[in-house]
Amino acid sequence: MTNPHTELSIEQREELLSTLNTRFEKNMNRHEGLEWANVQAKLEANTKKLWSLNKMEGTGGEPDVVGYDEESDEYIFYDCSAESPKGRRSVCYDLEALESRKKHKPENNAIDMATAMGIELLTKEQYRELQQLGNFDMKTSSWVQTPANIRNLGGAIFCDRRYDTVFTYHNGADSYYAARGFRGALRV
């Protein structure tokens, strides 16, 4: 039995596939040598991943194919919106950070939001790969997966692009800003 909360209607599926196809065709530099028909076949065979892509799209992520892993036979999607996805901003890093705030708590945290969407935060390396495909986060910033040794000390890391350079910074994991969100990755 399928979970109705992870299933899209036929209309939603068709609309999402059309949106993804249009984005794929407009941004061939992100996935040279890949064909949409193969990507679509994978998506149609995995409705749960299609649901996750719909969540990425619905929160402003503009997901697109950025690669193909031959070993695992998976297409790799990243959020490719110009700025950190609008529907995922003003969040601290994780639940521990959220619960540690005494006042002015944000509504959510990046790790739990990503998990609920069925995606993962980009790693610092993935974020740098994304920046090779265009200029992203010129006005915003995005939380990225934080190494345990930094997180255990109360910190978290985020990245952005300024002065034609990709920067990695640190902040308390409990911090949140209107211009900081997170970008996700999904393998299909």
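The values are calculated or read from the model by the stated rules, or taken from the named source; none is laboratory data. Here the structure is a predicted model, which means the values were calculated and not measured. Neighbour counts are summed over all protein chains in view; Cβ atoms, including those assigned to glycine, are modelled from backbone coordinates with ideal geometry. SASA here: full protein model, heavy atoms, side chains in, ligands and nucleic acids out. Shrake-Rupley method; radii C 1.70, N 1.55, O 1.52, S 1.80 Å.
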Say we look at segment 127-147 and pick out the residues that are aliphatic (A, V, I, L, M) and more than 29 Å from S100 (Cβ to Cβ); which of these is surrounded by the fewest Cβ atoms within 10 Å (Cβ to Cβ)?
M138
Which condition number does E14 fail, the rest of (1) within 26 Å of L121 (Cβ to Cβ); (2) without any contact (Cβ under 8 Å) to a residue 60 or more places away in the chain being met?
(1)
Given the conditions (1) without any contact (Cβ under 8 Å) to a residue 40 or more places away in the chain; (2) under 12 Å from the mean Cα position of the chain (by Cα), report the number of the one that Q131 does not fulfil.
(2)
Those helices (runs of 4 or more DSSP H) completely within segment 28-110 that have 3 or more residues that are in contact (Cβ under 8 Å) with a residue 24 or more places away in the chain and crowded, with 20+ Cβ neighbours inside 10 Å are 47-58
When segment 17-27 is checked residue by residue, the ones that are out of contact with any helix residue (DSSP H, G or I) (no Cβ under 9 Å at 6 or more places or on another chain) and without any contact (Cβ under 8 Å) to a residue 40 or more places away in the chain are S18, T22, K26
Could you list, in sequence order, all residues of segment 148-180 that are open to solvent by 60 Å² or more (accessible area, probe 1.4 Å) and touching a residue at least 40 places away in the same chain (Cβ under 8 Å)?
Y176, Y177, A178
Going through segment 133-175 in order, the residues found to be touching a His at 6+ places or on another chain (Cβ under 9 Å) and among the hydroxyl-bearing types (S, T, Y) are T146
